[in-house]
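Participant: Attaching a single structure in structure tokens format; questions to follow.
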Amino acid sequence: MKTRILKVERDNPDPATIEIAAEAIRQGRLVAFPTETVYGLGANALDPEAVLSIFKTKGRPADNPLIAHVASKDEVNRIAFLNDLACRIIDHFWPGPLTLVLPAREIVPAVVTAGLTTVAVRMPSNSVATMLIQRAGVPIAGPSANRSGRPSPTDARSVYEDLGDRVSVILDSGATEVGVESTVIDVTGKEVVLLRPGGLPLEKITKLVGRVLLPTDQKEIKRSPGTRYRHYAPLVPLLLWEQGTTRDDIMEMSMCPIGFLGIHEPPFTAKNKIIFPDLDSYARNLFSSFRILERAGVKTIIAEFPDEEGVGLALRDRLRRAASQ
Ligand code: TXA
Ligand code: MG
């Protein structure tokens, strides 16, 4: 299959271009599309065959459910059951980098939910994504558009690098704004449970609802299946460094080509150094920096392990999992 890579303006996408991608979705094919977090690999969420091809293309384990992307709040009712708590959260944070796990309606194929009785739903804020969903006329199931285990793609080049000609269309609206995936919460009970930290800081949700339970409070019961896997990893070893600490193993490596990324100057020499002005830009550029440093031929990547405020919590989660062997 020859992939069509179509450039679109993020804030003012050309409807005729989006229509080409929407038609591919309706025909059961795969479309990589930008969201504000990372690029997604989309298929018609109501077409089990199409959704199955997402798993094959990514090499994704079948027990890891997908997010269904919608273009409006009302569309959620078609696939999930809303409660008051969910409505309040949605009104406050959508469109945006927040995914809600809700009780699923029967229309949702088991391949989307990995056989669970719940479905994850999100409305992205990128207008290329919402126009695509609207025009396709169906919710779009989509994980990040990387091969399973690799860093999530935050630009069209990274999508093509990982998935090449295995997708029908790649919509290219440039680099994404948030850079880490959405925050995932379970809203099926009386209290909100955090399943995956992400682009929307936990503090903001806590401020709205009073309290958010962490997976540890829940004894693993409700953990998001995806958080079990090693993920996001660059091709070379990744070590974590915390500001204000020294690590002998890192100091000893100063002779070999190290790539560093973080927000503080490190106490060791690095061949390639990427220092960001703040946590948000660290998050925005995390995955693309892994890929840049790989291409630069460093032998080890050392990443600063930040504090957990704001998007720091998501950065710590991604870094921990990318560094685990
Ligand atoms: O920002 C994002 O969330 C991106 C963009 C493309 O929207 N998508 C994304 O999808 O990161 P993915 O598949 O890489 O991550 C979805 C996460 C996984 O950890 C998965 O296990 C969890 O959501 N999840 C999906 N459905 C679930 C469910 N019914 N119950 C619990 N966790 C669920
Ligand atoms: Mg992913």
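The values are calculated or read from the model by the stated rules, or taken from the named source; none is laboratory data. All figures in this text were calculated on a predicted structure; none of them were measured in a lab. Cβ atoms come from the backbone with ideal geometry, glycine included; neighbour counts cover every protein chain shown.
Participant: Conditions first: (1) at pLDDT below 95; (2) within 16 Å of ligand 2 (Cβ to nearest atom); (3) not in a helix (DSSP H, G or I). V184 passes all but one, so which condition is the exception?
Facilitator: Among (1) at pLDDT below 95; (2) within 16 Å of ligand 2 (Cβ to nearest atom); (3) not in a helix (DSSP H, G or I), the lone unmet condition for V184 is (1).
Participant: Still on this structure, please answer the following. Can you pull out every residue in the range 49-90 that is within 16 Å of ligand 2 (Cβ to nearest atom), among the basic types (K, R) and over 22 Å from T117 (Cβ atoms)?
Facilitator: Passing the criteria: K56, K58.
Participant: Taking the range 151-200 as the region of interest, how many residues are out of contact with any Leu (no Cβ under 7 Å at 6 or more places or on another chain), among the acidic types (D, E) and in contact (Cβ under 8 Å) with a residue 24 or more places away in the chain?
Facilitator: Adding up the residues that qualify gives 5.
Participant: Another question, if that's okay. Scan the range 268-325 for residues that are charged (D, E, K, R), touching a strand residue (DSSP E or B) at 6+ places or on another chain (Cβ under 6 Å) and either touching a residue at least 40 places away in the same chain (Cβ under 8 Å) or within 23 Å of P153 (Cβ to Cβ) (or both) and jot them down.
Facilitator: E304
Participant: So, in the range 105-149, exactly how many residues are within 16 Å of ligand 2 (Cβ to nearest atom), assigned to a loop (DSSP other than H, G, I, E, B) and either touching a Gly at 6+ places or on another chain (Cβ under 9 Å) or over 27 Å from A233 (Cα atoms) (or both)?
Facilitator: Matching residues across the range 105-149 total 7.
Participant: Right, something else. Which is within 20 Å of the chain's Cα centre (by Cα) and surrounded by 15 or more Cβ atoms within 10 Å (Cβ to Cβ), of S324, S289?
Facilitator: Sole residue among the options that is within 20 Å of the chain's Cα centre (by Cα) and surrounded by 15 or more Cβ atoms within 10 Å (Cβ to Cβ): S289.
Participant: Given the options R88, R147, name the one that is surrounded by fewer than 24 Cβ atoms within 10 Å (Cβ to Cβ) and away from ligand 1 (no atom under 13 Å from the Cβ).
Facilitator: R88
Participant: Run down V138, V70, V112 and say which single residue is within 18 Å of L41 (Cβ to Cβ) and surrounded by fewer than 24 Cβ atoms within 10 Å (Cβ to Cβ). Steps first, please.
Facilitator: Values: V70 fails: surrounded by fewer than 24 Cβ atoms within 10 Å (Cβ to Cβ); V112 fails: surrounded by fewer than 24 Cβ atoms within 10 Å (Cβ to Cβ).
Criteria check complete, one pass: V138.
Participant: Also: Whether any residue in the range 302-313 is crowded, with 20+ Cβ neighbours inside 10 Å, in a strand (DSSP E or B) and among the β-branched types (V, I, T) is what I want to check.
Facilitator: yes
Participant: Could you check the range 150-168 and list, in sequence order, the residues that are surrounded by 24 or more Cβ atoms within 10 Å (Cβ to Cβ) and either more than 16 Å from the chain's Cα centre (by Cα) or more than 16 Å from ligand 2 (Cβ to nearest atom) (or both)?
Facilitator: V167 - this is the single residue of the range 150-168 that is surrounded by 24 or more Cβ atoms within 10 Å (Cβ to Cβ) and either more than 16 Å from the chain's Cα centre (by Cα) or more than 16 Å from ligand 2 (Cβ to nearest atom) (or both).
Participant: A further question follows. From the set of residues in the range 198-254 that are at pLDDT below 75 and of a type in the set (K, R), which is farthest from the chain's Cα centre (by Cα)?
Facilitator: Selected residue: K219.
Participant: For the range 31-103, which fully contained helices (runs of 4 or more DSSP H) count at least 3 residues that are at pLDDT below 95 and hydroxyl-bearing (S, T, Y)?
Facilitator: Answer list for the range 31-103: none.
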